[in-house]
Structures are given as structure tokens and as C-alpha cells.
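Computed from the coordinates by the stated procedures, all read-outs in this text should not be read as laboratory data. Remember, predicted model here, so these are calculated numbers, not experimental data. Methodologically, a virtual Cβ is constructed for each residue, glycine included, from the backbone with ideal geometry; neighbour enumeration extends over all protein chains shown.
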There are 2 protein chains.
Amino acid sequence: MAGPAGDAVKVVVIGGGFGGAFAARYLRRYSKGSLDIELINSTNYFVFQPLLPEVVSGNISAPDAVTPLRQLLPGVRVRMATVTAVDREQKRVHLLQGSFRTPQSVDYDHLVIAAGQKTNLDIAPGFAEHALCIRNLADAHELRNKIIRRLEHADITRDPEIKRRLLCFVVAGGGFSGVETVGEISEMTRRTLRFYPNVDPSELRIKIVHAGDRLLPELPAKLGRYAESILEKRGVEIVLDTLISSATTNAVYLSSGERIETCLLVSTAGNGPTDFCRSLDIPLRHGKLPVDRCLRIEGEDSVWALGDAASIPLDDSGESYAPPTAQFATREARCVAKNIVKTVEGKEPSTFAFTPSGALASIGSYKGVARIFGVSFSGLLAWMTWRFLYIGMLPGFSTRLRVALNWMFDYVLPRSIVQIATQNTGGAISRRYAKGDVISIPGQHVDGFYTVLEGYLESRVPGGNGQEDFVRILGPGDHWGERLAAGGGLSEGTLTASEDARVLVLRAEDFRKLREAFPALDDYFDKISDKIYAPSLRNHDEGHG
Amino acid sequence: MAGPAGDAVKVVVIGGGFGGAFAARYLRRYSKGSLDIELINSTNYFVFQPLLPEVVSGNISAPDAVTPLRQLLPGVRVRMATVTAVDREQKRVHLLQGSFRTPQSVDYDHLVIAAGQKTNLDIAPGFAEHALCIRNLADAHELRNKIIRRLEHADITRDPEIKRRLLCFVVAGGGFSGVETVGEISEMTRRTLRFYPNVDPSELRIKIVHAGDRLLPELPAKLGRYAESILEKRGVEIVLDTLISSATTNAVYLSSGERIETCLLVSTAGNGPTDFCRSLDIPLRHGKLPVDRCLRIEGEDSVWALGDAASIPLDDSGESYAPPTAQFATREARCVAKNIVKTVEGKEPSTFAFTPSGALASIGSYKGVARIFGVSFSGLLAWMTWRFLYIGMLPGFSTRLRVALNWMFDYVLPRSIVQIATQNTGGAISRRYAKGDVISIPGQHVDGFYTVLEGYLESRVPGGNGQEDFVRILGPGDHWGERLAAGGGLSEGTLTASEDARVLVLRAEDFRKLREAFPALDDYFDKISDKIYAPSLRNHDEGHG
């Protein structure tokens, strides 16, 4: 298909999930290869999101939950890059690419936005600091590694309080993703605990916290209740009609007032617009890009949107919108592709319509729930249906075969507990503490340089020899750990949150390097330590910093 | 077996590689479960190192190259922790464990040190900053991801110089590990290039640089030559009798004076003692712990060492020592275990003796070289022997089955190019530049806050409107990028190394957070920018930092 200048008409697709990848595939098919199609994504693979909880549990290996976009999309240009802006006047996409993130631009005749949504971690204080998501492969790896690290630590610690905290896992949100995740965590821990001789199964607590009055609101009540009874039989605690009101390094706090000691929280509870969609200067509808019934952004003639990023009306009532599921996204992709081809040919685009045939969820241990063509069923049959349908939806024969074989192995072979090291231990992270939380105790390794972002901390070092304790209050902008983090030392005092607080922690290794490299910073800390610590207490210096 | 106090005799093994894991296994077997055995390792898995190059190429998936230590070692306590010190007086091992790295200690009656070696990156300037190793799973992942990232970038860049650099891969060292690695890189790129339409196979350059006069010095000359001819046929360039004298972000420099543009260097060339072995206060012999012929540390009655960490005499000549191979390590493990059991029983330990039956290496693409029972052979037969022997050595039936199936698949299915995101983009890293290297050009995204560690850089911003360029020289302790890194902006000027230089780069995101959190730092940069930039040039501020 040729544009006005005689070149092939160029379609740029932003996003490589179900919406974007399938749109590119259908565009190629319907245009019979006459369009110039380029897909831009920040990773080089398509994520089969419904399988991510199984990556967490080790049921399938990571490469089997994803497919390289280049393999999936023959005839489509694939660009691994981050989109920074869209200039709709010039019909140009601006992006950063390569290891040095060089700015580049790509021109388009038609633009398809399938950028998805992001997990909204603003739903409660502490989620941004402490909640894990499961949106991509790195998330699934991180969650898996954290669970294994908690079990390894629980097996060797001598402190019963720490052990209790390490062995409590909390999932926020009781929809498909939350139920599948909690099911896989329960399955994984149940099958691996025998390798941890010092952990008794009764010590493990796995909780799912859901705002509604039953799990799986997407399915009929009967199936939600069935999922609940299966999870309960396996020891999962189901907390309904409850929100998590805040989270810290050590605990989550429920709207009921309850405090649960945990250092592993997974959030599947809220979604919101990506920074990219926010940056487009298009007023959002329900946090999504507003499209007309033909999936074109309202008021634009060459910008289209679909999938989770788009608010897609299913009729003219203004009340019914397409749900954010893979099933819908792939149908929307077909509609967008047809409409772009039609538009290029000078024809009128058609409206999107789709009635899904059903919905399914796996809850682990060969149990599932399903509603297909109006029939609800559950148990092994639903689980097998789920598996077979997903194998069918998996792109590529080799992936299908591998996943099928992995699932087959899973019946007979022990579950692996390999912790794939991510080495992601550098940089600045934030942490949240509740009033009274103990952050560091005497004898503990100081893991970084702490700067207070919000709230107050109290540092207390025992005076010794009958002297009073040396107490220091730290507020926003104050810092702690500058000497011990740089020197690799152990704390002599106790650091406590005297109010709810947020801190920024630059890991010890990074801080040490920066301080060594940068004389002004080193001078500053030398000077400030003279100011902070009174001469008579200079002998305690080691304990504060 | 009971100690003097009636408790079971406690044996602590440090290290979970071939030496440590097999020592723990044999200790359990020979003592018939009567010893209390604890193995301490920093990861919870045993790495099957000879398979790591195949993880890089995607031939086998990561979990198949490793086995969880707990699964491998029933009846042995496993502690995931980092050993910090050994108190041989008190017979106590000090360590850090858990996410907060709490100090702990473990007492022993007998100690087995199997801590291995580390890749020595001090062999030439720039190796510490830029060379990758392949010692563990994270290394293999990182190398694989980097290769894929280079191919992705090469496919979309418009700059021929950058493309040439991206498509050159250099391996240092021509022993087993180097040859297997270069073979797998060649195999992987050859099979995946068809997914990168803008990369022509002729543009790819893969080099192996070796100090000796032929590859595989461990094997007879004929086999080394055979490996060379196979690799050359596949387009690998073999550079013999040559050392890499230095490396930078953009190039490696050879002892011949040649400069090779590359941004991917793998080092398999030098090994050295770990920090732990150095810290033991035992004088090292050839960089290793000196043991007697019974594998006991000289002068100690309850500390043993084996594997790559130990210097093991094979006779009394003082000239013949055990080579650092997996074959030897597993035999040494058997000897250590027997000797500890004998010592506990009050018997005399025996001396270590082993004559290996042969050596094998895979060079990818169904080709290998082997020398077994004095017979040298090569090609498909050697490759199949290698595979079968390794499958046999793999611990655990499930791992064997998976690896065998993966290898079978590999004949028929396309190679995956999934880049498993490691998200390891935070923290402070160092980089090395050679005189004249361009570090940042106008319009480039500033990726971090730069502090000069050694050497000098020149920052030059065009004056514009007929004014002179604004030039600033940066020496050790000076910094660059403080405003652009914090603001996410693009450089307006050029930053060049005016001498060989090393810089510390704190990634932009971490620097921004730190600067926002820490008012003193922010003040400092505000003040310094007034000092650095003359008022008349204030309009250029954006370009410097």
C-alpha cells in the first residue's frame, strides 16, 4: 500500500503485549505485506502474562512464558526502545534507544497505541516502596527469588519473631491475577518446604486480602466460592471486605485495624495509566485513552488505541466499555488492523463488537474454575481446559511444546528451589516505616546511607559507664549511616521510627564508592560529624554513623 | 560420630561448587550420617560451571545448569550466607545472613574450605570496569542479555561506526572456558541473525585472544589445532601469542598495538584468590591455600582445603600440583571426606592421588575435541561423548532429563532470543576511557552523575553567536552531569577524555533521588555551579551539567 508520496504507508505500533503484538500481526496479514509496519517496545519479547504466576512458582521456566517479538512477527520491524513523546502534528514518535539511550525519531502515517497500563502503587502508603507486582518477567523472577530467600533465611534464623515475619506472604487483590498468584505461591511453598527442615508447614501463613465480598468478581458467585473453598483447604487465609491501608518493611496494616507481620507483599489490586499515556496531552477517560467505537482516538484521524490503554465503548450508551482482558485485546487488535487497512484504502472503518465465550482461572494444584458458553464448572476439568486453551493461545510451536512438556514433568518431578540471582542490589531505594518500627539494632550490619524523606527517626546509642544514652532525632533531609555504610561496620546503637517515616537508602557499596570518588562529599561528612557529635561523646562516634 | 562432649562431631564446609558440594555429600556417605555437616554458600544452588556457556547461548535454560544444594545434599544443613572470617582458635566461622545481613557464627570441629577462586580482573587496566566473567548464573545471564541487546541495537542504529562496534565480540583466554564460550557465542549469533534483518552476517566479528601459541593448551596440540580450524571455518578470528593490554567502554587494545572497537569483552583469562582466602591469614602458595598431601592446611589439625582454592601437591617434588578442574575437585572431595572420618576415628589420613582418564571440550555446532585413555578424537563423536558424560555428571534425574530434552529440542527448534531483563540498572559503576575517547556528544541522554577517579576529561560547549567555546578540564574529584542527570536532560556539549581516565558513574535515577532527598548535596551543587560557570556564559548552563 502506497502513501501520497509513493512510499509504503507506515504504521507504528507502540507496545508489544496482546494488543500491540497482535495488531502488528493482523496488519501484516490484512495488508498482505504492503504496509510498512514497525513495532516499538521496551523489551524484545511478548509476555504471556497469564503464565507469569507459574514462572513465580517454577512450574514453567521463564523463556516459556515469553516469545521474542522478532520471532512472533515476521515481516514487521521491531525496535527495542523507550518512547518519550509523540508529535501528532508532525506524525513523529520520539524515543530513546541503545545502551546510551540516544534520542531518535520515527515517522508514521498511522499510529497504534497499545501501551497497556501500569500497576497503581499509589493506592496506599508504602505500596510504592514495598509491594511487588507481576507484570513482566523481571517481576516474576523477583517475586520467586524473594520467596526462596525468605525460606532460606527462615530455615537458619534463631529469632522466632523474624521467622514468623519471613514466613508470612500477603497478596493484595482477589481478581484473576491475585487468585492465580496466591494459588501458585501456596503450591510452590507446599512442594518445597520438605527441603527446609527447620520450617514446619504450620508456621507458613499465606493471605489474600480483597476489597470485595468474594474472590474472582469476574466470574459467577458459585465459582468464586469454589475457588475460596479450595484455597482455604490448602491453608490460604482469605480476608474479604478489607483493604490494605498501608505497608512498611515489616508489616501491612488492614482497614480493619489488624497488623500483619510480613516482609513480602504482592499487589495485583490497582491499575492506572502509564506515564507515556499521561504524557500524550489527550484527556483520559477512566484513566484510559478515549477512542470511538472504531478504536480511533476521538478527534484524531490517524491515531488508534486498544487493549488496556484504551477506553473502548461497546455501545453508544456511554456505560459499557471493553474489559482489560487478553481475549478482548486480541479481538480489538483484529479490528484496529482491519480499520487501518480500510482507511488507507479510502473506505469507512467498522465498529468493534465482541462477545466473549467465557472466562477461566487456574488456582494451582490441578484445580481451576471456568465459565464457558454460559456453563460454569470447576476442579480438574476446568484446570485442564485452562491449560489446553492457553497452550493453544501460546505463540509458536516450540513454546507450546516446551510448556506442555514442562507441565507434564511437573506431575512427576520435584519442584526446583533455585534462586536465580538477579544481582540487583545497587542503587537508591526507598523504604517506609511505621511509628515504633526498629530499623537497626546494635550489632547489625549497616546496609546503606539513610536520608529521611518524611517523618522522624530516633538514633539512640547506649552511654556506657553510667553515662546517659546519646540520642539524636532525624527529620527530613537528615542522614544516618554515613560512616558505617562507608566502612562496612556494625551499628552500635538503635535506630527507630519515632513517627511514620519514609527514607531513601543508597546501598552501602554505592555510597562508599561515591564518597571515595567525590572529595566534597567526604569533606561535608567530616565536617558534619564534628557538628553532630559533641566532643565529650566523640568516643561513641562509631555507633552513629 | 560423637565428639569429646558427646555431641555429634560438626563439620562445616565453606563453598558449594564441585569441591564443597561433593565433600559434603561424601562426608555424609562415609560417616553413615553420624557427622553433623553444614555447608555454607552465598547462593542456594550448585553451579554446573561447564554448562554456563550453553546458558549464554540459550541452548539450555538457566535452572538446568544449576541444582539447589538442599536437593543435592539430603541430610546436610545448608546455610545461605556470606562468610566474613574464620576464628581458628575458637574453631568458629563468622558470617552475615538474611536480607539484613545479620552477623552470626557457627562452630566447627573440622572445617573444609572449598571457596574456589575468582576471576582476576587486575590483569590489565579496564578489565575490572568492562570485562564480563562466566562464573555463575548471573554472569551467564548478563552476557546473554548483553549480546542480545547489542544485536537489537545494531539492527536499528543508523550510525555505521556504532554498528561496527556493537557487532564485535571479544573473548580473552583460549583455555576450555574461552573456547567453549566463543563457540557458543558464534553458534548463538549464527542461529539468531535471521531475526535481525538489518544485520548482515558478514558484519559480525567474533574474536578470541590467547596468550599462548595455540588454543586449548590443556589438550594435545593436534586437538587444539582442530578446534582452531573449526572455529575459523565458522568465522571466529583467532589471535594467538597476544595479550589484551587494556580495555575501555569502546575498545580493547592488544599487545601488538592493534585497537579493536568493541563494547563486549568476556574474560576467561586469569584466576586469583578470593577475598575470603586472602583474609584467612594463611600465607598462600601460587595464590592458593597450601595443603599437605592429605589435603590438610599445613600446620593445622582441623582445617582442610580442596578444589580451586587449594594448592595440592601430587607428589613430594614440590613441582606437581593438582589442576583446577571439576574432575580433580570431585576426587579431592572424596579424599577429604575419607580423611576427616578417619581423623575423627583416630586413624591416620591418606594421601591424595588421581590420574584422570581424559579431557573434553565442546566447541559448539555438534563439534568437540577429546582425549580419553590416551586416545585423541574430535568432531561429532567427541561432542556426543562430551554431552553424554556431562549428562551423567549432572546431579539429579530431573535435571538430566531436562537437559537431555533441551539438547534434543535444540536440533529442531529455532533458538530463542528472549532477553531476560535483569533490571540491574541502578547504583554506581566505574568506566574506563582512553585518551581521545568521546564520552558524550550533543543531544545524547545523560545517563548519570560522573566523578573523575583518575585522569582528565574535557567538557566543551559550542559558544554560539560567534562566541568562543566554553571549555572546562575535569581532574580527579571533579564532576559532570549533576544537572542533566537530575533533570533527565540532553547534553549540549561534548565530553572527551583528554587523557586515559577512569570515572565513577552514579546512574541518573539514583542521583536524582539522592539529590532530592539530601538538601546539603543540592546546596553544594547550586553553589558550585555558580563558581564553575561564569555569569556571561550562564545561558550555556544546560550544556555542562
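Remarks
- Taking max minus min of the alpha-carbon positions on each principal axis, chain A gives extents of 89, 55, 43 Å, largest first.
- C-alpha long axis of helix B:380-393 to longest principal axis of chain B, angle in °: 70
- Our analysis of the range B:14-90 gives Rg over Rh at 1.05, with the two radii drawn from alpha carbon positions and Rh computed by the Kirkwood formula.
- Residue-wise HN-Hα couplings along the range A:280-293, as the Karplus relation 6.51 cos²θ - 1.76 cosθ + 1.60 with θ = phi - 60° gives them from phi, are 7, 6, 10, x, 7, 10, 6, x, 10, 6, x, 10, 7, 5 Hz; Gly and Pro carry x.
- If R0 is taken as 22 Å, the Cβ-Cβ distance between B:E345 and B:E89 corresponds to a FRET efficiency of 0.30.
- Copy-to-copy label separations for A:L381, where each label sits 7 Å from Cα toward Cβ, in nm and ascending: 5.9
- On Cα atoms only, tilt of A:519-532 relative to the major axis of chain A in degrees: 50
- The simple spin-label model puts a point 7 Å past each Cα toward its Cβ; for A:A404 and A:R158 those points are separated by 5.4 nm.
- The lysines within cross-link reach of B:K338, meaning a Cα-to-Cα straight distance under 26 Å and a gap of 8 or more places when in the same chain, are B:K10, B:K32, B:K91, B:K288, B:K347.
- DSSP bridge pairs, the protein assembly as shown: antiparallel proportion in percent, nearest 5: 65
- For the range A:280-363, trypsin sites (Lys or Arg not before Pro) meeting the loop criterion (DSSP other than H, G, I, E, B) and having at most 11 other Cβ atoms within 10 Å: A:K347.
- Anisotropy class of the range B:157-231 from Cα gyration tensor, a/c 1.5 cut: prolate
- Helix axis angle, B:508-517 relative to chain B longest principal axis, alpha carbon, degrees: 80
- In this assembly of identical copies, the label point of B:E232 (Cα plus 7 Å along Cα-to-Cβ) is separated from its counterparts by 7.5 nm, sorted shortest first.
- Neighbour cut-off at most 12 other Cβ (10 Å), DSSP loop, GluC sites (Glu not before Pro), the range A:141-195: none
- Where both bridge residues fall in the range B:1-126, DSSP classifies roughly 55% of the beta bridges as antiparallel.
- Extent along principal axes [Cα atoms of the range B:40-161; Å; largest to smallest]: 64, 35, 27
- Multiplying the residue separation of A:D526 and A:A353 by 0.36 nm and subtracting their alpha-carbon distance yields 55.4 nm.
- Shielding score for B:227-235, defined as the mean number of other chain Cβ atoms within 10 Å: 0
- Rg(Cα) / (2.2 N^0.38 Å) computed for the protein assembly as shown, rounded to two decimals: 0.96
- Viscosity 1.567 mPa s, temperature 4 °C, Stokes-Einstein D of the range B:428-543 from Kirkwood C-alpha radius, µm²/s: 90
- Simple point charges give the picture: +1 on the Cβ of Lys and Arg, -1 on the Cβ of Asp and Glu, and for the protein assembly as shown a dipole about the Cα centre of about 3880 debye.
- Nm distances between copies for B:I441, ranked from closest, using label points 7 Å along Cα→Cβ: 5.7
- CD proxy at 222 nm, helix term only [per DSSP H run n ≥ 4: -39500 (n - 2.57); per residue of chain A; nearest 500]: -9500 deg cm²/dmol
- When the P(r) is computed for the range A:156-309, the part past 19 Å accounts for 63% of the Cα-Cα pairs.
- Of all DSSP beta bridges in chain A, antiparallel share, percent nearest 5: 65
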